[in-house]
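K.L.:
Dumping the structure here so I can ask a few things about it.
The values are calculated or read from the model by the stated rules, or taken from the named source; none is laboratory data. Keep in mind that what you see is a predicted model, and the values were worked out from it rather than measured. Cβ: placed from backbone, ideal geometry, glycine included. Neighbour counts: every protein chain shown.
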Amino acid sequence: MDFDFTSEQEQLRDLVARWVQKDYGFEHRRGLIKAGGGQGIDPGTAWQALGELGLLGLAVPADFDGMDMGPVEAMVVMEELGRGLVAAPYAAAALMGAGLLRDHAPQVVQQAWLPRVADGSARIVPALQERAARHRLNVVNTQAHLGADGVWQITGTKNLVPVGGNDGVTEAYVVPARTHGAADASDGLVLFLVEASAPGVKVQSHPLQDGSRAAEVTFAAAPATLLVHDGLAALEHMADIGIAASCAEAVGAMDSLMALTVDYLNTRKQFGVVIASFQALRHRLADMKMQLELARSMSYYATLKLTAPAPERRRALAQAKVQLGQSMRFVGQQAIQLHGGIGVTDEYAAAHYFKRLTCLELTLGDTLHHLGEVSARMQDSAGVVA
Amino acid sequence: MDLNFTPAQQAFRDEVRTWVRANLPADIAHKVHSALRLDKSDQQRWARILGAKGWHGYGWPKAFGGPGWDAIERHIFEEECAMAGAPRIVPFGPVMVAPVIMAFGSPEQHQRFLPGIMSGDVWWSQGYSEPGSGSDLASVKTRAERQGNQYIVNGQKTWTTLGQHGDWIFCLVRTNTECKPQAGISFLLIDMKSPGVTVRPIITLDGEHEVNEVFFDNVAVPVDNLVGQENKGWTYAKYLLGHERTNIADVNRAKRELERLKRIARDEGVYDDVRFRDQIALLEVDIVALEMMVLRVLCAEQGGKKTLEVAGLLKIRGSEIQQRYTELMMLAAGPGALPFLHEAMEAGWQGDQFAGGFPGGLVQSAPLASHYFNNRKTSIYGGSNEVQRNIVAQTLLG
């Protein structure tokens, strides 16, 4: 039992942290929001930088020219991206998309795509959200139809797809679609790969609340490659990779918020004293610290449980998202509160971290959704060591 | 980063589990699992069984007759005991005063006091709090005046847990009034059979006799009962606080009680009530998160690292969870938790005078409200949660 990072993991952390410190400051990010306009932040330059740092192939096996690293390395990178509020579909592409191909796709698909994912010339992101589904992965209305020419055709609409920039990188989507059955049936749910440049694919980008870019992607008989026939289990696995990444990103963001808040309390003076001397604020800070450390603890748990058998993994990741959801909301809200008036301005970083945390909570299942999952999966005994 | 115990730690767990389940008397385990009243003989019986194995002082180094376990082994031992239904070890002797005697006492004191603590034969009480000194412990006023080769002790201690059974009491006493309060405190060991010692019960809101007032009226204490140096007692008291930071979170017991909560909820027909079940699910998440935090602190301590900022959170969270599971158990029983039948919390109560057994509910509901009421103490004792928050904030704000 060990919760230390290896020196290689610490070096990986420093690699990302130094880039963020040098090239991705808060003012730079605000500039990106402005430049992005109605499309949301263009993640192109960040994506390129992450490529130059050699991070895009983190989850790709060595057989496919990747770095062949594991969940803890992924967690460390995500913590730093969260700490720096980096707007780029790194988790979606390098961890979820790459992870799905690595763990569930046929060899021929892996061979065709994973080396390009590793060298940065391709980007595969999940296209999961459908309006009717809310947080449920098994509710899919997008239809798949096998054409007379033996090519699958996908028809439907996916929302909040974490698309990349117009950067010349080949982009493709993991698209859950139904070959048969009711919208919420667990069989008939198949995972397909659809290229962004394929006929019948329309991408309409827009900003999310935190400024990052997402898109409504519509498919009209778009040609697709079959990835996983019994799709739900693979979809859940990919979602769990995403949840663990969200937890780690949130921990980094909350660390930043804590640091900003401590600094503000020790600087701001009212009534002739620094406001850090007021006990009500000190106790609130202690409560924030509690939520942060509970979150960090469950983020480690989520990452370490990614390799557990599926039922155990799903239960652990649901527990983690419940804790993280509560923590994110508390730390975000209270950081704003403790900053007073400037906390609710656009020009100060705290609000941006709060908005990012809110986006993370509402993605891949919010707190109440995962509470339902924990409740449904409850056993007689519970614990890290059961 | 790794969530698994080593094979050696697994083997240790198996050894402990086998021994505990073979040696913990079934009648005691039954009482613990059903939260029925334990008496002095129950607790002392278990202490003596542990003592004979050399495990009563389970945190002691080998040099003093202990098993010399590391932080993770101690945690595993605590977990196996809790899950088996062993009573909580009364900590005042083996966990609180013994380390102070070992670290700061004389070889003569080691010989005189440690064997009786390890064996479970001698019952110790803690003489810290006073009516005027709770959170502000350094303000203690119980006076010890040096007269020749003895101290004459006058004053009063309060909240003395299980002091009615105590053979000996370790006290923070004032030996100097002409200095900063912390600099005038001594650590004195007092035989409770000494003339002038009076113990008076304090009945808590659940009707139980768990704590006491202890009065000292010109009690003569041999100078040989002073631990370490005069006026250095506060240092020794703080030394104790630096010890055993994960134990106070009580997460192992929380896991056992969560299982019991689910059983009670099923018996009461609320386990499948979505609203109630969600409350259990929230508590389950809280317990898993606390356990992860405890394991992080344990591993850091095992590796010799300082964990002050996270360790300080454990008592706050642990106590809140203790309060929550007792609350949910009572809520599960609903109106069935309302009857207050003192006798029904003894093992083997029958209740023939009532038509339906336990009035309004199940007999297992008898202790639920009492435990909910009693557990309001957990956020108050051991450094109130408000004081703990002050300490956490101090480490953050500098």
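K.L.:
Of everything in region A:365-386 that's more than 9 Å from every other protein chain (Cβ to nearest Cβ) and touching an Asp or Glu at 6+ places or on another chain (Cβ under 9 Å), which residue is farthest from A:I243 (Cα to Cα)?
P.N.:
My answer is A:T367.
K.L.:
Every residue in region B:291-325 that is over 17 Å from B:A71 (Cβ atoms), at the interface with chain A (Cβ under 8 Å from one of its Cβ atoms) and of a type outside the set (D, E, K, R), please.
P.N.:
Of everything in region B:291-325, those that are over 17 Å from B:A71 (Cβ atoms), at the interface with chain A (Cβ under 8 Å from one of its Cβ atoms) and of a type outside the set (D, E, K, R) turn out to be B:L313, B:I316.
K.L.:
Something else: Within region A:196-217, track down each residue that is surrounded by fewer than 17 Cβ atoms within 10 Å (Cβ to Cβ) and of a type in the set (S, T, N, Q).
P.N.:
Matches in region A:196-217: A:S197, A:Q204, A:Q209.
K.L.:
So if I check each of B:G351, B:G356, B:G336, which one is farther than 30 Å from B:I248 by Cβ, buried (at least 18 other Cβ atoms within 10 Å of the Cβ) and more than 14 Å from chain A (Cβ to nearest Cβ)?
P.N.:
On the way: B:G351 fails: buried (at least 18 other Cβ atoms within 10 Å of the Cβ); B:G356 fails: buried (at least 18 other Cβ atoms within 10 Å of the Cβ).
B:G336 is the lone residue from the list that is farther than 30 Å from B:I248 by Cβ, buried (at least 18 other Cβ atoms within 10 Å of the Cβ) and more than 14 Å from chain A (Cβ to nearest Cβ).
K.L.:
What residue, of A:L338, A:L368, is in contact with a Ser or Thr (Cβ under 6 Å, 6 or more places away or on another chain) and not small (G, A, S)? Break it down stepwise before answering.
P.N.:
Values: A:L368 fails: in contact with a Ser or Thr (Cβ under 6 Å, 6 or more places away or on another chain).
Just one listed residue meets the conditions, A:L338.
K.L.:
While we're here: Among the candidates A:G82, A:G57, single out the residue that is at pLDDT 95 or above, buried (at least 19 other Cβ atoms within 10 Å of the Cβ) and over 15 Å from the mean Cα position of the chain (by Cα).
P.N.:
After applying the criteria, what remains is A:G57.
K.L.:
Name the single residue that is modelled with the lowest pLDDT among those in region B:163-191 being crowded, with 18+ Cβ neighbours inside 10 Å and in a loop (DSSP other than H, G, I, E, B). Give the derivation first.
P.N.:
So in region B:163-191, the residues crowded, with 18+ Cβ neighbours inside 10 Å come out as B:163-166, B:168-175, B:184-190.
Next, from what is left, pick out any that are in a loop (DSSP other than H, G, I, E, B): B:166, B:175.
Details: B:G166: 94, B:T175: 98.
That would be B:G166.
K.L.:
Filter region B:230-273 for residues that are farther than 15 Å from B:C81 by Cα and among the small types (G, A, S) and give the result.
P.N.:
B:G233, B:A237, B:G242, B:A249, B:A265, B:G269
Rundown of residues vs (1) in contact with a Lys or Arg (Cβ under 6 Å, 6 or more places away or on another chain); (2) closer than 22 Å to A:G40 by Cα; (3) of a type in the set (S, T, Y), yes/no style:
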{"residue": "A:I124", "(1), (2), (3)": "no, yes, no"}
{"residue": "A:W152", "(1), (2), (3)": "no, no, no"}
{"residue": "A:T157", "(1), (2), (3)": "no, yes, yes"}
{"residue": "A:A172", "(1), (2), (3)": "no, yes, no"}
{"residue": "A:L193", "(1), (2), (3)": "no, no, no"}
{"residue": "A:K202", "(1), (2), (3)": "no, yes, no"}
{"residue": "A:G211", "(1), (2), (3)": "no, yes, no"}
{"residue": "A:A224", "(1), (2), (3)": "no, no, no"}
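K.L.:
Also: Counting only residues that are surrounded by 22 or more Cβ atoms within 10 Å (Cβ to Cβ) and at the interface with chain B (Cβ under 10 Å from one of its Cβ atoms), how many does region A:306-323 have?
P.N.:
Result for region A:306-323: 7.
K.L.:
Consider region B:219-276. How many of its residues are touching a residue at least 12 places away in the same chain (Cβ under 8 Å), more than 26 Å from A:M290 (Cβ to Cβ), more than 14 Å from chain A (Cβ to nearest Cβ) and β-branched (V, I, T)?
P.N.:
4
K.L.:
Moving on. What residue, among those in region A:29-53 that are touching a Gly at 6+ places or on another chain (Cβ under 9 Å) and either part of a loop (DSSP other than H, G, I, E, B) or outside the structural domain of A:A17 (by TED's automatic domain parsing) (or both), is surrounded by the fewest Cβ atoms within 10 Å (Cβ to Cβ)?
P.N.:
That would be A:D42.
K.L.:
Then there is this: Quick check: anything in region A:255-266 more than 10 Å from chain B (Cβ to nearest Cβ), among the aromatic types (F, W, Y) and not in a helix (DSSP H, G or I)?
P.N.:
no
K.L.:
All but one of (1) part of a strand (DSSP E or B); (2) within 23 Å of B:S384 (Cβ to Cβ) hold for B:T160, so report the exception by its number.
P.N.:
So the condition that B:T160 fails would be (1).
K.L.:
Being more than 30 Å from B:L240 (Cβ to Cβ), charged (D, E, K, R) and outside the structural domain of B:T204 (by TED's automatic domain parsing): is that true of B:E386 here?
P.N.:
no
K.L.:
Working only within region B:6-17, note down all residues that are touching a helix residue (DSSP H, G or I) at 6+ places or on another chain (Cβ under 7 Å) and within 19 Å of A:F3 (Cβ to Cβ).
P.N.:
B:Q9
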